[in-house]
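For reference, the structure discussed in these notes is given below.
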Amino acid sequence: MAYSDKVIEHYENPRNVGTLDKDDASVGTGLVGAPACGDVMRLQIKVNDEGVIEDAKFKTFGCGSAIASSSLATEWIKGKTIDEAETIKNTAIVEELNLPPVKIHCSVLAEDAIKSAIADFRAKREAKKELAGADEEQPATPPAE
Amino acid sequence: MSLKFPIYMDNQATTPCDPRVVEAMLPYFTQHFGNAASRSHAYGWEAEEAVNEARGQVARLIGAKKPKEIVFTSGATESDNLALKGVAHFYKSRGNHIIVSAIEHKAVLDAAKKLEKEGFEVTYLPVNDMGLVELETLEKAMTDKTILVSIMLANNEIGTVQPIKEIGALCRERKIIFHTDAVQGIGKVPFNVEEMNVDLASLTAHKIYGPKGIGALYVRRSRPRVRLSAEMDGGGHEFGMRSGTLNVAGIVGFGKACEILADEGQDEAKRLRTLRDRLLDKITSRLDEVVINGSMEHRLPHNLNLSFSFVEGESMLMAIKDVAVSSGSACTSASLEPSYVLHAMGIGDDMAHSSLRFGVGRFNTEEEVDYVADLIVEKVNKLRELSPLWEMHQEGIDLSTIEWTAH
């Protein structure tokens, strides 16, 4: 199968490979795909108080296009706010990497991974707020935010 | 000696022509170009003579009694089609049931499916987790309506060698015609149509260092005589079973390839086994979580099929682009389905996606095997560092307990 130069470049030099602490409140984790389908992506974001993605890491089990799509995704979302990152469409990934039709699902998975990581982060933030709200009733605790 | 890239280690897909084969063929393109069916001049006679010599060479390799039992075709796909459809159509008054194994080549499976559409009943015989047909299962599947059993000598993906002699005996006992697709096994494992009671056998040249586009179907002539209805109508060539002007140069090359195998096959099988085992050892001694697909005991000497857990096959192929091998991953197949052979053995889709097939051949060297093993170890390690599944596995998470989002 012929890969585009950009896919090969990302595959050979993947950006932002690694793991963030999934228990850290500022980290959102997205795990999408399935081993039986031949691709699993894990994309993680670390978000600061301003809602900006300070760091992003991925690991992917899948073909070269899946690895390249997730590598590109981490590159794109770093420095963006979560609201901006959420608007990234798979079609932009397809265009950037010149993915053939049979590999479009790799870009869809990358978009899902971004959304899933953001959703995880938001859920954590909500949980924290609720916790903080509950804490407010107790005078000893300093007010949240 | 310096290595030449990419290293070819996909000898079950096809093989390069042996230079001796090419040499034998060359005069039949330019000098002895006659039509083997021309009876009126020397050009025709020498072509016919060359064809008959090749018929003998092919017959000897498989232990056929008479050269006339070899019917030349365009390749094993045609041979498989002719065997299944030819028998089904000729013997349909005797019965309508056909048995094929679930891991047959697509040429057999799809021919069987077509016959199903015509009203035949087909049993797709399961194999066990070692990739082998169990005789008991076969025996149970046989009915008084069964006219044909088709089970391959050796599988093209996992290299497992079926108990052909026992299957042959079982079929003979019940007067059921026995066809075997012998493409992958001839000259590498014992195969003799007389000793094994084989009635029909598909063969091809390009898997045994001969040219592409030429194959044969062995059709038993006596005890019992097997009849076929021709699927290709025309001039009545090949004893009326396969019309079409003979590919004389191809046939000569096929004959020569068979002759070389008959002379050298046993020694070559030993050499290939040593190379294959060296490859296996050099990989498994340095990598964990590598699974061998299919029986190692009943297996072609030159085949290896491995699943590298937590690494996807296509990304492996990309990582080892200096090496020509193939994968059972869906991503590498036109159908986007993972290997049906591995599936039939009960291997999960996840492991099928992680499989690679290696086929060492006549022209591979020890140096090449060592290079490939080193490369595989390096790249699997690299890809595992990239794999979330490997990380989860290292953390002791059982991947089967996770609810994956299938897509």
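What to note about this one:
- Given (1) on the phi < 0 side of the Ramachandran plot; (2) in contact with a strand residue (DSSP E or B) (Cβ under 9 Å, 6 or more places away or on another chain), number of the condition B:Glu136 does not satisfy: (2)
- Test for B:Ser307: is it within 14 Å of another protein chain (Cβ to nearest Cβ) and either more than 20 Å from B:Gln12 (Cα to Cα) or modelled with pLDDT of 95 or more (or both): yes
- Every test in (1) farther than 29 Å from B:Met316 by Cβ; (2) in a loop (DSSP other than H, G, I, E, B); (3) not polar (S, T, N, Q) is passed by A:Arg15 save one, and that test is (1).
- Count - residues of the range B:2-33 that are of a type in the set (Phe, Trp, Tyr) and part of a loop (DSSP other than H, G, I, E, B): 2
- Scan of the range A:13-45 for residues that are basic (Lys, Arg) and facing chain B (nearest Cβ under 9 Å), ordered by number: A:Arg42
- Summed over the range B:16-25, the residues that are under 18 Å from B:Glu53 (Cα atoms) and exposed (fewer than 13 other Cβ atoms within 10 Å of the Cβ) give a count of 1.
- Residues that are buried (at least 24 other Cβ atoms within 10 Å of the Cβ), under 10 Å from the mean Cα position of the chain (by Cα) and more than 10 Å from every other protein chain (Cβ to nearest Cβ) within the range A:46-76 comprise A:Ile53, A:Ala56, A:Ala73, A:Thr74, listed in sequence order.
- Among the candidates B:Gly294, B:Gly253, the residue that is more than 14 Å from chain A (Cβ to nearest Cβ) and part of a helix (DSSP H, G or I) is uniquely B:Gly253.
- Scanning the range A:1-11 for residues that are within 9 Å of another protein chain (Cβ to nearest Cβ) and surrounded by fewer than 18 Cβ atoms within 10 Å (Cβ to Cβ) yields A:Met1, A:Ile8.
- Sole exception among (1) among the aliphatic types (A, V, I, L, M); (2) away from chain A (no Cβ under 11 Å); (3) in contact (Cβ under 8 Å) with a residue 24 or more places away in the chain; (4) under 27 Å from B:Leu153 (Cβ atoms) for B:Ala352, by number: (2)
- Picking from residues in the range B:178-225 that are in a strand (DSSP E or B) and hydrophobic (A, V, I, L, M, F, W, C), the one that is farthest from B:Phe72 (Cα to Cα) is B:Phe178.
- Criterion violated by A:Thr60 - all others in (1) out of contact with any His (no Cβ under 9 Å at 6 or more places or on another chain); (2) modelled with pLDDT of 95 or more; (3) within 22 Å of A:Lys124 (Cβ to Cβ) satisfied: (3)
The values are calculated or read from the model by the stated rules, or taken from the named source; none is laboratory data. Just so we're clear, the structure is a prediction, and the values are computed from it rather than from any experiment. Backbone-built Cβ (ideal geometry, glycine too); neighbour counts: all protein chains shown.
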